[in-house]
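Novice: The structure under discussion is supplied below as C-alpha cells; questions concerning it will follow.
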Amino acid sequence: MTTLLCLLYAALCIVAFRLLRLPVNQWTLTTTVLGGVVLIGGIVIAMNYNHPFTSEARLYFYATPISPAVNGQVVDVPVAPNTHVKKGDVLFRLDPRPFEYALAHRKAALAKAQQDALERQAALKAANAAVDGARDSRDRAKDDYDRHATANARAGGKGDAPFSEAEVVNRRDLYLAAESALASAAAQADQARLAANAQIGGIDTTVAQLEAEVARAEFDLEQSVYRAPTDGYAAQVFLHPGMMAVSLPLRPVMTFVHTDRRVFAAAFNQLSLERVAAGDEAEISFAAVPGQVFRGTVKTVVETMATGQLEPSGTLLAPDRQAPGRMITVIDLGEEAAAYNLPGGATAEVAVYTKSMAALAIIRRILLRMRAWENYLVFDR
C-alpha cells in the first residue's frame, strides 16, 4: 500500500514539474520530498487507524474426523470421495451380525427376567396365602389349648377335671408348633416380598438392567451403519471393505467436511481495530477471484487473542518475548460471493471502513481494487 501511494505521489510530482513547469531547485525538491513524507505518512497512519486493511483473511470450513462408535469389520463403503451427500446418507457399514447376535442374546435374557419377575410375584402371593393359613391354624390351636386349659382350671385341680394333664400339654405343644409355623411362613413371605419388590421406578431391577442392555445393543446395531452428520462430503476416502474400523478418536477412518456452515475471518493489527465495530462495512478481495471486490459486514470482533491463552501444564510461564498477536474479526459475506465457487480455505485481503474520517475511505477502496487487479499476475509454473 505504501509503495502504491509513493508511486502515485511520484507520478503527481512528475506531472507538476513537467507540465506545470515548476522550477527544479533545492527548495522545491526538499519541499516535495518532505511534503510527500508528511502527506503519505499521514494518510497511511490515518487509514490504518480508521480504515484498517489486512492480507491475513481466510474462508474457514468445519471438518469432523469420523470414528465409529463401535468396533467392527467394514462391509460396505457407498460414499465416493469429494462427492456431496445429504444429512443421513450412509457413509459406511460394519458387519451387523455380531451386534444382531448380541441384541438377540439380550432380548432372550430380558424375556427370562420378565418371566422370573412374574414368578416372584406369584411366589409372593403364595407366601402370603401360606401366612394366612398358618395364622388360622395357630388361632385354632390356641383356641383348643385355651379351652382345655380353662376347663381344667375351673375344676380346681380336683379329680373330676375333664381333661388329663397329658391332653393339655399336647394341646399346648400343638399351639406352640403352630406359632412356630406361622413365624416361619411370615419369614418366607418377607423374603418373597423383598425379592418381588426389588424395583426401580416401578420396574424389577433385573428387568430394568436388561432393558438398558437391550437398548445399548440396539444402539450398537444402529451405529454399525454410520451416516453423514450434516450436508457435506467425505474427503480422501481410503476406507474399503474388509478393513477393521475401531472406535479410537486418534485413528479416524475418514474426514467429513461440512458444507452447511462456513466462517470468513480476518486477522487485524490490534491498533487497527480500535474503532472497528459490528455493522461496519467491509470489502474483500479473494485471490481466487482476481479483479473482483466483494462487499461484507463486520459481524463480530473476537475479544481474545490466542497469544494470551493460559492452559494448565507442568511448565511455568516463561518471561520470553512473545509475538504481539492479532485480533480476529468475523465478517459476513454478501450474496455476491455465494455465486462464485470459493473453496474452503481461500485466502483474501480485507478492508474495513469505519465511520471515522470517511473521506479517506476512497483511497483505501482504490488501493484495494488495485490489489484485486494484481491477483491476475500469477507466475506459477
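Novice: Lys/Arg Cβ at +1, Asp/Glu Cβ at -1, dipole of segment 50-111 taken about the Cα centre: which of Gly88, Ala104, Phe53 is farthest positive-ward?
Specialist: Ala104
Novice: If you wrap the chain's Cα atoms in a convex hull and average its projection over all directions, what's the area in nm²?
Specialist: 41.4 nm²
Novice: May I pose another question? If you take the Cα atoms of segment 126-270, find Rg, then find the Kirkwood Rh from the mean of 1/r over all pairs, what is Rg/Rh?
Specialist: Reported Rg/Rh (Cα atoms, Kirkwood Rh): 1.62.
Novice: How much of the accessible area of segment 234-377, in percent, comes from carbon and sulfur atoms when a 1.4 Å probe is used?
Specialist: After summing per-atom areas, the C and S share lands at 56 percent.
Novice: Let me ask something else. Quick one: compute the contact order of the chain, relative version, from alpha carbon pairs under 8 angstrom and 6+ residues apart, as a percent.
Specialist: 29 percent
Novice: Same structure, new question: With point charges of +1 on the Cβ of Lys and Arg and -1 on the Cβ of Asp and Glu, referenced to the Cα centre of the chain, which listed residue (Ile14, Ser180, Thr150) lies farthest in the positive direction of the dipole?
Specialist: Among Ile14, Ser180, Thr150, the one farthest towards the positive end of the dipole of the chain is Ile14.
Novice: Another one. Can you return the lysines within cross-link range of Lys87? Criterion is Cα-Cα under 29 Å, with same-chain partners fewer than 8 residues away left out.
Specialist: By straight Cα distance, Lys87 reaches Lys299.
Novice: Take the Cβ-Cβ distance between Ala288 and Asp116 as r, set R0 to 56 Å, and report the resulting FRET efficiency rounded to the nearest 0.05.
Specialist: E(calc), rounded to 0.05, equals 0.25.
Novice: Could you tell me how many cubic angstrom of Cα convex hull volume segment 100-185 has per residue?
Specialist: Residue-normalised Cα hull volume stands at 70 Å³.
Novice: Additional query: Restricting to DSSP H runs of at least four residues, report the calculated mean residue ellipticity at 222 nm for the chain, -39500 (n - 2.57) per run over all residues, nearest 500 deg cm²/dmol.
Specialist: It comes out at -15500 deg cm²/dmol, rounded to the nearest 500.
Novice: Using only the alpha carbons of segment 57-127, what is the convex hull's orientation-averaged projected area in square nanometres?
Specialist: Over every viewing direction, the Cα hull of segment 57-127 projects on average to 9.3 nm².
Novice: Helix 2-18 sits at what angle to the longest principal axis of the chain, using alpha carbons and giving 0 to 90 degrees rounded to 10?
Specialist: Taking Cα atoms only, the helix is inclined about 20 degrees.
Novice: When only DSSP loop residues count, what trypsin sites (Lys or Arg not before Pro) in segment 31-105 have their Cβ near at most 15 other Cβ atoms within 10 Å?
Specialist: Counting only loop positions with at most 15 other Cβ atoms within 10 Å, the trypsin sites (Lys or Arg not before Pro) in segment 31-105 are Lys86, Lys87.
Novice: Let me ask something additional. What size of dipole, in debye to the nearest 20, comes out for segment 261-352 about its Cα centre when the only charges are +1 on Lys and Arg C-beta atoms and -1 on Asp and Glu C-beta atoms?
Specialist: It comes to approximately 180 debye.
Novice: If you don't mind, there's one more thing I want to ask. I need the shape label for segment 239-287. Rule: rounded when a/c is under 1.5, else prolate if a/b > b/c, else oblate, with a, b, c from the alpha carbon gyration tensor.
Specialist: Since a/c reaches 1.5 and a/b is larger than b/c, the shape of segment 239-287 is classed as prolate.
Novice: Roll a 1.4 angstrom probe over the protein heavy atoms and tell me the percent of accessible area of segment 142-227 that is carbon or sulfur.
Specialist: 52 percent
Novice: Could I ask something else about it? From the square roots a ≥ b ≥ c of the eigenvalues of the alpha-carbon gyration tensor of segment 5-163, which class results: rounded (a/c under 1.5), prolate (a/b over b/c), or oblate?
Specialist: oblate
Novice: Give me the aspartates and glutamates in straight-line cross-link reach of Lys142: C-alpha distance below 19 Å, same-chain residues under 8 apart excluded.
Specialist: Asp132, Glu165, Glu167, Asp173, Glu179
Novice: May I ask which residue of Phe264, Thr329, Met357 lies farthest towards the positive end of the charge dipole of the chain, with charges of +1 (Lys, Arg) and -1 (Asp, Glu) on Cβ and the Cα centre as origin?
Specialist: Met357
Novice: Further question: Residues of the chain: accessible area per residue at 1.4 Å, in Å²?
Specialist: Counting only protein heavy atoms, the per-residue value for the chain is 63 Å².
Novice: Another question, then. May I ask you to list the lysines whose Cα is less than 24 Å away from that of Lys112, ignoring any residue fewer than eight positions away on the same chain?
Specialist: Lys125
Novice: Moving to a separate point now. Once the piece of chain linking Val330 and Phe238 is laid out straight, how much longer is it, given 0.36 nm per residue of separation minus the C-alpha distance between them?
Specialist: Gain in length upon complete extension: 29.7 nm.
Novice: About its Cα centre, what dipole magnitude does the chain give when the only charges are +1 on Lys and Arg Cβ and -1 on Asp and Glu Cβ, stated in debye to the nearest 20?
Specialist: 1580 debye
The values are calculated or read from the model by the stated rules, or taken from the named source; none is laboratory data. In this text, all values refer to a predicted model and were calculated from it rather than measured experimentally. Every residue, glycine as well, gets a Cβ built from its backbone with ideal geometry; the counts of neighbours run over all protein chains shown. These accessible areas exclude ligands, DNA and RNA; they are computed on the full protein's heavy atoms, side chains included. Shrake-Rupley method; radii C 1.70, N 1.55, O 1.52, S 1.80 Å.
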